[in-house]
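What follows is a short report on a single structure.
The values are calculated or read from the model by the stated rules, or taken from the named source; none is laboratory data. Nothing here was measured: the structure is a model prediction, and the numbers come from that model. Reconstructed Cβ throughout: ideal geometry from the backbone, glycine too, with neighbour counts over all protein chains shown. When the accessible area is computed, the model is the full protein with side chains, heavy atoms only, and any ligands, DNA or RNA have been set aside. Shrake-Rupley method; radii C 1.70, N 1.55, O 1.52, S 1.80 Å.
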Amino acid sequence: MKQFISVNDVSNINSIVAKALAYKANPFVDKHLGAGRRIGLLFLNPSLRTRLSTQVAASNLGMEAIVFNVDKEGWALEFEEGAIMSGNTVEHIKDAAPILGKYFDILAIRTFPSLKNKEDDYSELYIHQFIKYAGVPVVSLESATLHPLQSLTDIITIQENSKLKIQNSKPKIVLTWAPHVKPLPQCVANSFAQWINAWGEADFVITHPHDYELDKRFTQGATITHTQEEALKNADYVYVKNWSTFNDYGKVYENDPSWMLTNEKLQITNNAKVMHCLPVRRNIELSDEILDSPNSLVTQQASNRVWAAQAVLSEILNSNK
Ligand code: CP
């Protein structure tokens, strides 16, 4: 694996899931694989799970991980080619990234979208500029439009839980929009849709209010309905996530609280397991009664972030010996 910025960098989803689960069973089996190698974790936005799980994963592989909160501690970076830097940006990515590529064997980067300009966000300029100029493998810790480490974790978690059920058919997985207090990126939803569609081992339904359509490039292959109740019928997994509008970009049109998942709604599912990437706004996106119930997979999901990161870093280390 040369880089990890989307599902397209993975040759076989089930193989990398199996690798992650093998690391979960035996975290230190490859404790020397990363010896003498260093990963830089660059954050342009806050993080709890991604930052710490990737550090733990690197440590399990014997790598040194150095975290740099670029947004708070670094010079303001310019990403546009040919920019006349008379504004707030201090250092061009053309100058910064090659240096980072000398300090680190792998660069892992978290950026977020502006949610102001769809073309800019969906061009993934930031992460592509790091790839162009760093000269070392780049891992996405969430980009402007995708969150692949989260999605790999989600499939790991679904596979773990599906083994516990007697299943004759594909699980029914529902991605449902949920209310929130502010506009959020589409990354987690886009990425989850992209991975579940690429995986191909689920009956996949997406439900959201009118006007919250996602980019068709990621949702193609899923059934889409604006009726949450219809979507939830017989669901085995319900993935709850808010996102802002894609077409009229980055807006919140309504925050209809009736879209929040409740125990009453779970009654029409197949005793579904409930997923969320976290952080979650309790009793806005998801009710206490669900988050604190045995149906909730959120802690298991977040803990699996370590094994997803470890599997990805291991693939990259093995490909770049
Ligand atoms: N799910 C996730 O990426 O969490 P953090 O933003 O805390 O890293």
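Quick notes on this one:
- Around PRO279: net Lys/Arg minus Asp/Glu count, Cβ-Cβ under 11 Å: +2
- For the options ASN197, ASN295, ASN263, a Gaussian network treatment of the chain with springs between C-alpha atoms closer than 10 Å singles out ASN263 as fluctuating the most.
- Seen through its C-alpha gyration tensor, with square-root eigenvalues sorted a ≥ b ≥ c, the chain comes out oblate because a/c lies at 1.5 or above while a/b is not bigger than b/c.
- Applying 1/(1 + (r/R0)^6) with R0 = 35 Å to the Cβ-Cβ distance of ASN117 and LEU52 gives a FRET efficiency near 0.65.
- Applying 1/(1 + (r/R0)^6) with r as the Cβ-Cβ distance of ASN26 and SER303 and R0 = 22 angstrom yields a FRET efficiency of 0.90.
- ILE99/GLU201 FRET efficiency (R0 30 Å; Cβ-Cβ; nearest 0.05): 0.10
- Model label zone, ASN318; criterion: amide N under 17 Å from point 7 Å along Cα-to-beta-carbon; scope segment 4-29: 4, 9-29
- In a DSSP loop and with at most 10 other Cβ atoms within 10 Å, there are no trypsin sites (Lys or Arg not before Pro) in segment 217-262.
- Ignoring lysines fewer than eight residues from LYS273 along the same chain, the ones with Cα atoms less than 23 angstrom from its Cα are LYS24, LYS163, LYS165, LYS170, LYS172, LYS233, LYS241, LYS265.
- Working from Cα pairs under 8 Å separated by at least six residues, relative contact order for segment 226-290 is 45 percent.
- Helix 187-199 axis, angle to the chain major axis (alpha carbon atoms, nearest 10°): 80 degrees
- Per residue, the solvent-accessible area of segment 149-302 (1.4 Å probe, heavy atoms of protein chains only, all protein chains present) comes to 41 Å².
- When the surface is traced with a 1.4 Å probe over the full set of protein chains, ASP292 keeps roughly 100 Å² accessible.
- Across segment 305-313, coupling constants 3J(HN,Hα) worked out from phi with the 6.51/-1.76/1.60 Karplus curve, θ = phi - 60°, read 4, 4, 6, 5, 5, 5, 5, 5, 5 Hz, and Gly and Pro carry x.
- Remark: accessible surface ordering of ARG305, ARG282, ARG38, ARG51 (largest first) is ARG282, ARG38, ARG51, ARG305, probe radius 1.4 Å.
- Percentage relative contact order, segment 180-321, counting C-alpha pairs under 8 Å, at least six apart: 23 percent
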